[in-house]
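Have a look at the structure below before the remarks.
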Amino acid sequence: PSNTGRVLSIQSHTVQGYVGNKSAVFPLQLLGYDVDPINSVQFSNHTGYPTFKGQVLNGQQLWDLIEGLEGNDLLFYTHLLTGYIGSESFLNTVLQVVNKLRSTNPGLTYVCDPVMGDEGKLYVPQELVSVYREKVVPVASVLTPNQFEAELLTGFRIQSEGHGREACRLLHAAGPSKVIITSINIDGILLLIGSHQKEKGEPPRQFRIVIPKIPAYFTGTGDLMTALLLGWSNKYPDNLEIAAELAVSSLQAVLHRTLSDYKSAGHDSESTSLEIRLIQSQDDIRTPQVKLKAEIY
Ligand code: ATP
Ligand code: PLP
Ligand code: MG
Ligand code: NA
Ligand code: MG
């Protein structure tokens, strides 16, 4: 771990708007990282709009890019970052990429956002759940599920904060030393629960951050959150709570700016999903003011 790194980021690309690589690459660059994006899809816009068009990369095409890099000895990465993956064959190729990158750099940190669904709804094919659970989680270093994804990966229903902490322990036992449940809704309160197991078999250090819910629906926030957690947890490798405070604080600043910009433009911010004001928030990404503090359990 160091202050910087080289990140291979395999995520969606949209021509317009900010999800996937569009919401992860710029923030990581602002934090000083070299980022090499592979676009797993190229869509006109995110899939929450009434329509979208574009192309989907398949597993073989992903592998071609990896072989191209390997042919020139360009496969040294400190970090692999993955987000939404739409098919089982692509996910299996991502697993091959993890192995390949680790054979070049055994110290590779794999930051995995196991994007499968939200609020009880699955939005990837059902077959992906067992691949994530059985093959991906065991090789991930850092995992950033939401509440529903943590439930799918552990088979454990999260109905309290204590359950969230237990789900993190189950996930550590399966692989990753850092687990951040990025959002968990308990009694109308939005919480982030972080958990860092410094030694295998030891009890993890756990904390929570209470996040005031903004009455609007944003897209690209999960992808931005995981990118910021990668960026800051690498700079504070032994202090996941500071990394999470910084990431959450940047994100809240982005969301508040987004909401106020939409309002001043006269848009009804409660009826549609909002595109985050990422570029306008670069100071809040580079030097966040920590307003939301972590509470250690
Ligand atoms: P994934 O993308 O893996 O499914 P997720 O469901 O946690 O993760 P989001 O729901 O986008 O992703 O939330 C990510 C983060 O964005 C949360 O931790 C929170 O900080 C912030 N966030 C998103 N929506 C809001 C909101 N309406 N009010 C306040 N914070 C929000
Ligand atoms: N990637 C694509 C292609 C999408 O269409 C969307 C949302 O519609 C996302 C990612 C969403 O990302 P997030 O969970 O960060 O809001
Ligand atoms: Mg969510
Ligand atoms: Na998440
Ligand atoms: Mg998401």
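No value in this document is a laboratory result; all are computed from the given coordinates. These figures come from a predicted structure and were not determined experimentally. Using ideal geometry, Cβ is built from the backbone for each residue, glycine included, and neighbour counts are taken over all protein chains shown.
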Taking the Cα centre of the chain as origin and charging only Cβ (+1 Lys, Arg; -1 Asp, Glu), how large is the dipole, in debye to the nearest 20?
380 debye
Assertion target for SER249, SER40, ordered by fewest C-beta neighbours within 10 angstrom first, is SER249, SER40
Under 22 Å between alpha carbons, and skipping anything fewer than 8 positions from LYS53 in its own chain: which lysines qualify?
LYS22
Rg/Rh for the range 199-297 to two decimals, with Rh computed the Kirkwood way over all alpha-carbon pairs.
1.04
Considering only the range 35-186, percent of DSSP beta bridges that pair antiparallel, nearest 5
40 percent
Using alpha-carbon positions, the gyration tensor of the range 81-205 gives root eigenvalues a ≥ b ≥ c; with a/c under 1.5 called rounded, otherwise prolate if a/b exceeds b/c, else oblate, the class is oblate
May I ask for the net charge around GLU161, where only other residues with Cβ less than 12 Å from the Cβ of GLU161 are counted and Lys, Arg are +1 while Asp, Glu are -1?
-1
Using only Cα atoms, what Kirkwood radius does the range 146-228 have, in angstroms?
13.3 Å
In whole Å, how far is the Cα centre of the range 89-142 from that of the range 199-216?
21 Å
When the Cα atoms of the chain are enclosed in a convex hull and the volume is divided per residue, what value in Å³ results?
125 Å³
What are the semi-axes of the equivalent ellipsoid for the range 95-148, taken as the square roots of 5 times the Cα gyration tensor eigenvalues, largest first, in whole Å?
24, 12, 7
Whole-number D in µm² s⁻¹ for the range 1-110, Kirkwood Cα-pair radius fed into Stokes-Einstein, 25 °C, 0.890 mPa s:
169 µm²/s
Which three extents, in whole angstrom, do the alpha-carbon atoms of the range 187-255 cover along their principal axes, largest first?
40, 29, 16
Too long at a 19 Å Cα-Cα cut-off: which of LYS198/LYS235; LYS178/LYS291; LYS213/LYS291?
LYS178/LYS291
Rounded to the nearest 5, the percent of antiparallel DSSP beta bridges in the chain equals 50 percent
Over the alpha carbons of the range 18-71, what is the largest minus smallest coordinate on each principal axis, giving the biggest first in Å?
41, 32, 11
